Structures are given as C-alpha cells and as structure tokens.
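The values are calculated or read from the model by the stated rules, or taken from the named source; none is laboratory data. It should be emphasised that the depicted structure is a prediction, and the values quoted were computed from it without experimental measurement. In this analysis, Cβ positions are derived from the backbone assuming ideal geometry, glycine residues included, and neighbour counts consider all displayed protein chains. Each accessible area value is taken on the protein alone, full model and side chains, heavy atoms only, with ligands, DNA and RNA left out. Shrake-Rupley method; radii C 1.70, N 1.55, O 1.52, S 1.80 Å.
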Amino acid sequence: MTIEYLKRGKPEADRAEDDAKTAAVVAATLKDIETRGDAAVRELANKFDGYDRDSYRLTQDEIDALIAKVSPRDLEDIKFAQEQVVNFAQAQRDSMLDIEVETMPGVILGHKNIPVQSVGCYVPGGKFPMVASAHMSVATAKVAGVPRIIACTPPFNGEPNPAVIAAMHLGGAHEIYVLGGIQAVGAMALGTESIDPVHLLVGPGNAFVAEAKRQLFGRVGIDLFAGPTETMVIADETVDAEMCATDLLGQAEHGYNSPAVLVTNSRKLAEETLSEVDRILKILPTAGTAGVSWKDYGEVILCDTYDEMLEVADDIASEHVQVMTDRDDWFLENMTCYGALFLGPRTNVSNGDKVIGTNHTLPTKKAGRYTGGLWVGKYLKTHSYQKITTDEAAAKIGAYGSRLCLLEGFVGHAEQCNLRVRRYGGQNVPYGEAAE
C-alpha cells in the first residue's frame, strides 16, 4: 500500500493543543453565564460583538422592519431555498412511523415519535451571515413539530442581519435573539433571567461554539459535533485541477481552521491542483481566510488505488465529501464514515450548503464515524410503550419475568411479576419464589 502526502496540514499535536485552549476558555465562560446570567451574557456580547441593547430579543416590530430591508429578489431566493429544505425534511418525517404490534396474543408493544419540546438554534453570522443555517435548524424543527423554537445569531457589522432574521422568522422561530458565540449557546442551554432554557441545542458554529455544545451535552441534548467546516475532494483524472482547487478553496474560506483535503490516484491531478490553488488564492477575495486554512489545514494525499482512496477517506471521515471519479456510485455504496456526499462534477458542496434541500449541519472532527448530520429525526424522541390486554398473557409473561429476575437476584423485581401471576393466573406464588 502506497499513500503519499504531497502536502500536509498542521500536526495533530498542535491541533490538540489548540483544542485544549479552546476547552478551557469555554468552561470558564459557561460557568460565568451559569453564575451571573444576563449580566455575564451582556458583558460577553459587548466584548466580542460590540453590541449592547436593553433586551437581546427582537420585538415583532423590529423583525418586520428588518425583513422590509430585504430586497424582493433576495426574499424570493430565501423562500425558494427554505422550500427545498422543508420539502426534504417533510419527506424524511413521513418516513418515520409510529408503530404498534401484537408480539404474542395479548401483548402489545409500540413506539411514538414525539417532538422535543424546546430547541435552541444557533445561526453563525459574525464573519459571514449564514442565512442558510436558519433553514437547516429552524425550518426543520418546525417540520418536526417542536412547540418552542428559539434562535440566536450574532450581529453583522454592528446590527442584526436582515436576511438572516427574515430566514429565521419565515422558518418558524418563536423567539429571536441577537447573540453570538458561547454567550448565545450558554444562554439558551443554561437559561438566564430573561431566557428560558431549552431541551436541545442545534446548529453549526466556530470552534468555541462547537466546544460549548460539547460541554453542555447532558444538561441539554445536542444535534452533533458541528465545528469548523471540513471538506474533502475525492478525484481521479476524469476531472481537472481547476474544479478540484475551486471545491477545496470554496469551503476553506469559512474560517482559519477549515481542513480541505484532496485524495486522488493521479499524481498529475495532485500537482496541478496544488498549482491551481496558488493561482486562485491570488485572485480570490476571501483569500485572507482561505489561504490560512489551506496553509495550516490543507492536505493532498496521493494513493495508488481506489480502495486506498476509500480507506483514507473513511479514516478522515470528513464533513463534506465531493466525489468526482469514474465510479461515484461505488463510493456511495462503500463509504461508511462522512457527513454528506456530493456525487459527480455537476453538484458541489455549496449546493448542499445553501439551496438543494439536504441539511448542511454535518458532523466534524471524525464524528461521522458515529453520527450523520442534522435532520428532522434529531428533533424527535422515539419512546416505547407496552400494554398487556389479557389475563393469560399477564400470567405467562409474569412467570418468565419472575424467573429471569431471580436469576439476577432481584427479588423485588420478581415480586412485581409474581403479583400479576397471582392476580391474573390464579397461581399462588409465595414471596421470593419464582412463578412456574
């Protein structure tokens, strides 16, 4: 097996050190929010966003005024994108059925899919106003039937971004707050004097937001570990270097720590892509950000075979995987660890980010090994129930249950079963003895 790195990113040890520093900052900040509530949130909002107001929740009049600033064309585009996301989310919801089955005469088992009762949606927006994230979190929560949806986004250039607020409102948010970063996530999860806490946190964010969600998990639910954007391009000679470089840098512009990886079995394509990245960075308006990500987190990995490409891709488990080969469906059939796949040169990650309808909140940091991305099912809890409708079934299940409880030494458990055997089966089972 021959796997060659033509370009490597920052060493894992350095990345781990960065993560440790982030974790320490987040822990201290969350403790402050939990202790001091609104006062801590206000200080953080002033410090990091330079934004202060009496209440960080927007009034309906403010929401209406902001939406009025959105041009008709932009509003139409927002509605179109939201419609695509809602349509796919609804199709997913329709696939999730409540069930009830009679597993043996008189024994009925079932489950119900119940919406989480409150959700906090984080919509990033400090560097770029992430209009699309509002569709992904807010609108999908509405499809799931969540009765209380609150949304937070930071100010953009010193004020709420009209397009983001429009998307949140149209998506179905019941409360909208102009808050960003750890203070937004902490306030939604922990609650303050002015913000009631939620049961679930969703949405992507920077390293601090992702770490805050991780630390808050258990106090509240989270959708997944959705940190800084990651992208991978799996390509062979069926595509050219311009397309590969464009797809790598198109995601690297998200932030200064967004991994972008090319996996290929073509040395020619690998070397030409490296040159093409350098060319594009000279003319890309966001090169100041994308260039840093590429320098520190960009990688080019040359493999001998498609099997090696698959193995490398599954090991990295990237958030976005753009597949452009002569066997795209083979990768679809065989890949097991990723956030989302984008198959063929006609599609691209930006489609998924903004408009096509699949959800763009996806697992990062190898979380694709154990979870998929945000979807309508993340807002639903599948709860089971059971009922026994006949005396015969109560006695039969009770007898098995009694013996199995005593096998483990649980006498009190066994007596729960024995009581039913006595009541419904007419058998006198002494306390502490197994029903026959």
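Connecting C-alpha atoms closer than 10 Å in a GNM of the chain, tell me which of Ile397, Ile283, Ile33 has the biggest fluctuation.
Looking only at Ile397, Ile283, Ile33, the largest GNM fluctuation is found for Ile397.
Would you mind checking the pairs Lys112/Lys213; Lys127/Lys295; Lys213/Lys366; Lys213/Lys295; Lys31/Lys366 and listing those with alpha carbons more than 18 angstrom apart?
Result: Lys112/Lys213; Lys127/Lys295; Lys213/Lys295; Lys31/Lys366 exceed 18 Å.
Tell me, what is the FRET efficiency for Asp391 and Ser95 to the nearest 0.05, using R0 = 51 angstrom and their Cβ-Cβ distance as r? Could the numbers behind the result be given before it?
On the way: r = 38 Å, r/R0 = 0.74.
Calculated value: 0.85.
Using alpha carbon coordinates only, what is the Rg to Rh ratio of the range 250-289, with Rh defined as the Kirkwood radius?
With Rg and the Kirkwood Rh in hand, the quotient comes to 1.00.
Just to check I understand the Karplus step: with θ = phi - 60° and J = 6.51 cos²θ - 1.76 cosθ + 1.60, what whole-Hz values come out for the range 295-305, glycine and proline as x?
Whole-Hz 3J(HN,Hα) from phi for the range 295-305: 5, 8, 10, x, 9, 10, 10, 9, 10, 8, 10.
So what is the relative contact order of the chain, in percent, for Cα pairs below 8 Å that sit 6 or more residues apart?
The value is 19 percent.
Which value in Å is the Kirkwood Rh of the range 81-220 over different Cα pairs? Before the final figure, lay out the partial values.
On the way: mean 1/r = 0.0625 Å⁻¹.
About 16.0 Å, per the Kirkwood formula over Cα pairs.
Translational diffusion coefficient of the chain at 20 °C, 1.002 mPa s, Stokes-Einstein with Kirkwood Rh over Cα pairs, in µm²/s as a whole number.
Once the numbers are plugged in, D ends up at 88 µm²/s.
Quick one: accessible surface of His413, probe radius 1.4 Å, all protein chains present, in square angstrom to the nearest 10.
Here the accessible area works out near 90 Å².
Residue by residue, what Karplus-based ³J(HN,Hα) values in Hz, rounded to whole numbers, does the range 315-327 have, using 6.51, -1.76 and 1.60 with θ = phi - 60° and x for Gly and Pro?
Per residue, the Karplus-derived 3J(HN,Hα) values read 5, 6, 6, 5, 5, 10, 10, 8, 10, 9, 9, 8, 8 Hz.
So what's the range 149-203 giving for Rg/Rh, alpha carbon basis, Kirkwood Rh from the mean inverse pair distance?
0.95
Using only the Cα atoms of the range 175-319, what are the Rg and Dmax in Å?
For the range 175-319, the Cα-based Rg and Dmax read 18.9, 60 Å.
Using just the Cα positions, wrap the range 250-393 in a convex hull and report its mean projected area in square nanometres, one decimal place.
For the range 250-393, averaging the hull's shadow over all directions gives 12.5 nm².
Assuming a ≥ b ≥ c are the square roots of the Cα gyration tensor eigenvalues, decide whether the range 137-231 counts as rounded (a/c under 1.5), prolate (otherwise, with a/b larger than b/c) or oblate. Write down the numbers at each step before the final one.
Numbers: a/c = 1.26, a/b = 1.11, b/c = 1.14.
Since a/c stays below 1.5, the shape of the range 137-231 is classed as rounded.
Relative to the longest principal axis of the chain, what angle (0 to 90°, nearest 10) does the C-alpha long axis of helix 72-95 take?
The two axes meet at around 30 degrees.
Taking amide hydrogens as modeled 1.01 Å from N in the peptide plane, which residues meet the under 5 Å criterion relative to Val233, leaving out close sequence neighbours?
The list, which skips near neighbours in sequence, is Val261, Leu262, Val263, Gln322.
Over the range 249-375, what is the mean sequence separation of C-alpha contacts under 8 Å (at least six apart), divided by residue count, expressed as relative contact order in percent?
On the way: 194 pairs, mean separation 29.0, N = 127.
RCO, the range 249-375: 23 percent.
Measure nothing fancy, just the Cα-based angle from helix 207-216's long axis to the longest principal axis of the chain, in degrees from 0 to 90, nearest 10.
10
Based on DSSP H runs of at least 4 residues, each adding -39500 (n - 2.57), what is the mean residue ellipticity at 222 nm of the chain after dividing by all its residues, to the nearest 500 deg cm²/dmol? Walk me through the numbers on the way to the answer.
Details: 17 runs with 198 residues, N = 436.
After summing the helix terms and dividing by the residues of the chain, the value is -14000 deg cm²/dmol.
Within the accessible area of the chain, what % is carbon and sulfur when the probe is 1.4 Å and the other protein chains stay in place?
52
Would you mind classifying the range 18-127 by shape? Square roots of the alpha carbon gyration tensor eigenvalues, ordered a ≥ b ≥ c; an a/c under 1.5 is rounded, otherwise it is prolate if a/b is larger than b/c and oblate if not.
Here the range 18-127 falls in the oblate category.
Per residue of the range 179-192, what does 6.51 cos²θ - 1.76 cosθ + 1.60 with θ = phi - 60° give for ³J(HN,Hα)? Whole Hz please, x for Gly and Pro, Karplus curve as stated.
Values, residue by residue: 9, x, x, 4, 5, 5, 5, x, 5, 5, 7, 8, x, 9 Hz.
Rolling a 1.4 angstrom probe over the protein chains, ignoring ligands and nucleic acids, what is the accessible area of Trp375 in square angstrom, nearest 10?
The value for Trp375 is about 80 Å².
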